[in-house]
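Read through the structure below, which is laid out as structure tokens, and then see the notes.
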Amino acid sequence: MSVTTEHGGTDDTAPEPLDEQSSAPHGRRGFGRRLLDAYLYGQTWVVTLLAFVCALIFGAILIAIADAPTRTASHYFFQHPTDTFSAAWRAISAAYSALFRGAIFNTNSLYSNGGVPIFLPISDTLVNAAPLILGGLAVTVAFRAGLFNIGVQGQLIMGAICAGYVGFAWHLPIVVHVLVALIVGTVGGALWGGLVGLLKARTGAHEVITTIMLNYVAYYFLGYLLGLRGYQAPHSNEATSSFIDKSAQLPNLFEDLHSGIILALLAAVLVWWLLSRSTLGFTLKAVGANAFAARTAGMKIERSYITVMLISGALAGLVGVCQVLGTRHVVTQDVDAGLGFDAITVALLGRGTPVGTVLAGLLFGAFRAGGLAISSYTTTPPDVVSVIEPVMVLFIAAPALVRGIFRLKGRGGGSGVGQLAKGWNG
Amino acid sequence: MTAVVDEEELVVTHEVIEPPVSARRRRVRGAVLVLTGLIIFFAWGLGAKNGEAAFQVSQAFDKYQIPVVRFPGGGAAMIMGSIVVLLGIGEMVIGYRRAWWRVAVGVSAVLFVVGFLCWMATGDPTIPLGLTGMMQQTIVSAIPFILGALAGIVCERSGVINVAIEGQMLLGAFAGALFASAASNLGAGVIAAMLGGALIAVLLAVFAIRYLVNQVVLGVVLNAFALGLTNLGYQSLMQSDPNSYNAGNTLSPIKIPLLGDIPVLGQAFFDVNIITYITYALVVVVDIGLFRTRWGLRTRAVGEHPRAADTVGIKVRGTRYRNVIIGGLIAGLAGAALTVGGSGAFNANISSGKGFIALAAVIFGRWSPRGAIAAALLFGFTDELQTLVTAVTPPVTIPSAFLSMAPYVVTVIAVAGFVGRVQAPAADGEPYVKG
């Protein structure tokens with residue numbers, strides 16, 4: 001008699017509490033019955049989906065509140081309640097359909113000649129997803145070792161600074177240039193992250209504080225460089241660097257879609273291999289699970305901290321490389337564009353696994369692409385997307401809440417990856 | 001029949017045995033102090049221009065007029081640098097007791113700042129450096145840090161990690177500006193700010209205590225939530241109609257009659273708005289409350305060993321809920337200090353990391369109000385460096401980017417160099433599950 005594993009994860013999923021799902025009946029069941037049981041017994045993917053739905057509903061409420069016609073209609077709500085509801089429905093459906101059109105498929109494109117516009121939304125999604133996947137991987141790797149890397153913003157800025165400099169200041173032959181810029185950018189981010197790891201290893205300074213402080217330092221340092229003669233675009237008063245050479249730009253795959261997405265997927269495979277198939281990954285996971293036990297087993301914790309922050313910083317530096325060599329071709333003050341914090345939410349949504357991070361990165365890339373469409377097609381402020389994202393993470397991180405709302409069975413615990421991050425004493 | 005008990009036997013004496021600091025740690029700490037002293041000596045001392053440092057102590061309308069203080073700036077800085085170097089060498093060679101080490105660090109920090117001021121003020125004798133304005137600005141900048149640190153202490157002492165101080169401050173600042181404008185009443189704005197901070201605190205409490213979400217993760221997510229929410233509110237309400245929603249009125253300062261006339265400190269400490277006075281009261285209340293009242297004892301018990309506290313009958317979850325919400329109210333007040341009590345109008349992300357600096361102050365002060373206040377004052381001073389530098393032309397032009405960086409760099413150095421491994425409340429961050 002075989003025992004079906006309920007969550008069917010590979011052995012590199014973050015540890016879930018064993019009793020998270022109560023036992024659903026085994027044996028032969030029809031497909032519809034299995035679906036119903038999945039709902040009733042609160043399987044993980046059902047909870048995730050419902051969390052997603054809850055976040056969208058919350059977003060809908062926010063869209064309605066932020067919509068001016070709905071607010072004016074609500075002033076006379078008791079005379080004409082239908083006005084408020086219809087205004088709200090208009091705003092909500094406009095926003096979400098704009099989101100869909102910007103991220104996945106634009107129905108208007110069916111009427112145009114040629115097939116290119118059909119794939120533009122997906123291409124936009126992928127362009128936005130690549131840096132998010134890389135950033136999410138950076139945070140995920142640090143998470144698995146028990147460290148909280150909030151410094152993706154600073155590390156990506158340093159990576160962007162270094163890659164950008166190689167891009168416009170060094171003039172190398174065609175393939176060599178982009179590779180060197182890539183490597184230098186990665187190293188830049190790695191060093192900035194490694195600094196945090198060094199501080200944690202040598203002095204015990206908690207990485208939450210140091211990473212956030214170094215974010216600001218990097219941000220202001222970039223501002224300084226963008227006013228400096230050797231870095232700023234010559235004959236320009238704007239805070240922008242010189243243009244990146246054509247030979248250093250990441251090759252384009254389709255319209256605006258650059259090969260950053262390939263880099264992101266390769267990085268995901270690399271991180272998967274690192275975490276589940278390599279000795280170093282095992283050490284990192286052991287340190288993350290219980291640092292004291294790992295020390296007793298002979299693993300060097302301090303060295304692990306430094307190593308994992310170097311890797312994490314390198315991945316974050318790749319985000320900056322993507323931004324500078326791929327999307328923008330120039331270094332500006334807003335090279336971060338919120339990617340630093342979005343990377344954290346991507347990692348949390350991805351529950352500590354590379355596969356999850358890729359999927360979460362794609363989802364958030366869709367949100368970003370859709371957010372642009374919201375600001376173009378509707379009057380809803382695009383920041384509503386930046387509220388839906390953390391709310392979604394909150395619902396995901398608290399499956400017990402979702403279970404409570406929908407009356408599902410099953411014991412709740414914290415989210416799998418959340419249990420790994422340590423408090424001040426760790 | 002009662003036995004006769006000797007009075008002296010009832011008195012318990014104990015000696016405090018401090019854990020020995022390792023030789024390596026002593027050398028590192030001493031070396032950091034020596035390095036600081038050398039910076040003071042070379043940068044502020046030898047690097048100063050020739051001439052006298054001029055400090056203006058009294059302003060035009062002050063009751064007591066004191067003449068401008070002048071002394072050789074470079075020489076004074078060199079003397080200060082030597083003192084700090086000697087303190088550092090002392091630590092490396094002899095090693096101080098814990099209390100004396102803290103005194104040494106405090107003295108070094110003060111001398112570093114004073115030396116920096118001497119360096120800034122030397123050279124141009126016609127423009128003395130206004131100490132009053134500097135102290136005023138330091139206090140004004142430090143208030144959000146102090147309040148944020150108090151919020152963090154109250155929350156964390158009961159065992160809930162509060163990384164969401166930034167979000168509480170931000171939402172408080174937004175709510176304060178919004179309601180002060182909409183209701184045309186600054187008091188309503190302050191109350192609304194406190195409730196805004198409490199809203200984030202309620203979310204923190206529910207998700208951390210009831211749903212057992214990892215508290216550091218939760219704090220970061222709540223910060224992102226508050227940022228998104230305030231950006232949304234700013235774009236949809238404030239930018240479209242600033243007069244109704246973001247008028248930007250501020251609280252006016254209230255001067256205490258006698259104390260406000262003291263030359264430098266009076267203007268800075270006793271001629272301030274009501275939020276600052278509330279802050280003074282809160283500092284005293286939290287300090288006494290945490291260590292000398294029943295509430296404080298229960299809070300600390302719940303934060304150190306919740307199971308023992310539960311056994312004795314203290315309601316662990318209720319205490320934690322209460323403390324987190326009180327922390328949220330205080331952090332919301334910090335947000336009010338940014339808008340209603342500060343610059344007036346709300347800007348997107350107006351807190352820009354101040355909540356995290358407050359968190360660093362909590363850690364730097366080892367979860368006690370006194371240490372946190374000292375750290376908050378230091379961070380407040382570095383926060384004001386930009387204004388200070390534009391007021392007085394320094395001997396060497398410092399790019400404004402490095403001045404903006406200063407509070408954050410100082411925080412890293414403070415947390416890494418002078419704090420090291422900290423001992424948080426033992427149950428900090430661990431949700432309590434009964435049974």
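The values are calculated or read from the model by the stated rules, or taken from the named source; none is laboratory data. Since this is a predicted model, take the numbers as computed values, not measurements. Cβ sites come from the backbone with ideal geometry, for glycine too, and all protein chains shown count toward neighbours.
A few notes on this one:
- Residue match in region A:237-260 (condition: free of Cβ contacts under 8 Å to residues at least 12 places away in the same chain and either over 24 Å from residue A:182 (Cα atoms) or surrounded by 16 or more Cβ atoms within 10 Å (Cβ to Cβ) (or both)): yes
- Condition check for residue A:95: surrounded by 14 or more Cβ atoms within 10 Å (Cβ to Cβ), within 26 Å of residue A:372 (Cα to Cα), modelled with pLDDT under 80 and within 14 Å of chain B (Cβ to nearest Cβ): no
- Summed over region B:181-197, the residues that are surrounded by fewer than 23 Cβ atoms within 10 Å (Cβ to Cβ) and either small (Gly, Ala, Ser) or farther than 13 Å from residue B:170 by Cα (or both) give a count of 8.
This table checks each residue for (1) at pLDDT 85 or above; (2) more than 27 Å from residue B:285 (Cα to Cα); (3) surrounded by fewer than 24 Cβ atoms within 10 Å (Cβ to Cβ); (4) hydrophobic (A, V, I, L, M, F, W, C).
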position: B:345; (1), (2), (3), (4): yes, yes, yes, yes
position: B:360; (1), (2), (3), (4): yes, no, no, yes
position: B:390; (1), (2), (3), (4): no, yes, yes, no
position: B:396; (1), (2), (3), (4): no, yes, yes, yes
position: B:423; (1), (2), (3), (4): no, no, yes, no
position: B:426; (1), (2), (3), (4): no, no, yes, yes
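- Within region B:216-238, the set of residues being more than 7 Å from chain A (Cβ to nearest Cβ) and among the polar types (S, T, N, Q) comprises B:223, B:230.
- Pairs meeting the criteria (first residue in region B:113-124 and more than 10 Å from residue B:49 (Cβ to Cβ), second residue buried (at least 20 other Cβ atoms within 10 Å of the Cβ) and modelled with pLDDT of 80 or more, beta carbons under 6 Å, at least 6 apart or on different chains) are B:115/B:40; B:115/B:77; B:115/B:80; B:118/B:76; B:118/B:77.
- Verdict on residue B:300 being closer than 30 Å to residue B:101 by Cβ, charged (D, E, K, R) and not in a helix (DSSP H, G or I): no
- Residue ranges of helices (runs of 4 or more DSSP H) in region A:285-375 with at least 2 members aliphatic (A, V, I, L, M), at pLDDT 95 or above and buried (at least 24 other Cβ atoms within 10 Å of the Cβ): A:301-321
- Pairs with Cβ under 7 Å, 6+ apart, first in region B:375-389 and at negative phi, second in a helix (DSSP H, G or I) and charged (D, E, K, R): none
- Selection count, region A:376-406, where residues are within 10 Å of another protein chain (Cβ to nearest Cβ) and of a type in the set (Ser, Thr, Tyr): 3
- Checked against (1) over 18 Å from residue B:112 (Cα atoms); (2) crowded, with 20+ Cβ neighbours inside 10 Å, residue B:383 passes all but a single condition, namely (1).
For every residue, the table says whether it meets (1) touching a residue at least 24 places away in the same chain (Cβ under 8 Å); (2) over 14 Å from residue B:153 (Cβ atoms); (3) in contact with a Phe, Trp or Tyr (Cβ under 6 Å, 6 or more places away or on another chain).
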site: B:306; (1), (2), (3): yes, yes, yes
site: B:317; (1), (2), (3): yes, yes, no
site: B:327; (1), (2), (3): yes, no, no
site: B:340; (1), (2), (3): yes, yes, no
site: B:344; (1), (2), (3): yes, yes, no
site: B:351; (1), (2), (3): yes, yes, no
site: B:357; (1), (2), (3): yes, yes, yes
site: B:370; (1), (2), (3): yes, no, no
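- The one condition in (1) within 27 Å of the chain's Cα centre (by Cα); (2) within 14 Å of chain A (Cβ to nearest Cβ) that residue B:194 fails to fulfil: (2)
- Qualifying residues in region A:329-349 (those that are of a type in the set (S, T, N, Q) and within 14 Å of chain B (Cβ to nearest Cβ)) - the one nearest to the chain's Cα centre (by Cα): A:345
- Residue ranges of helices (runs of 4 or more DSSP H) in region A:116-222 with at least 1 members touching a strand residue (DSSP E or B) at 6+ places or on another chain (Cβ under 9 Å): A:116-144, A:152-169
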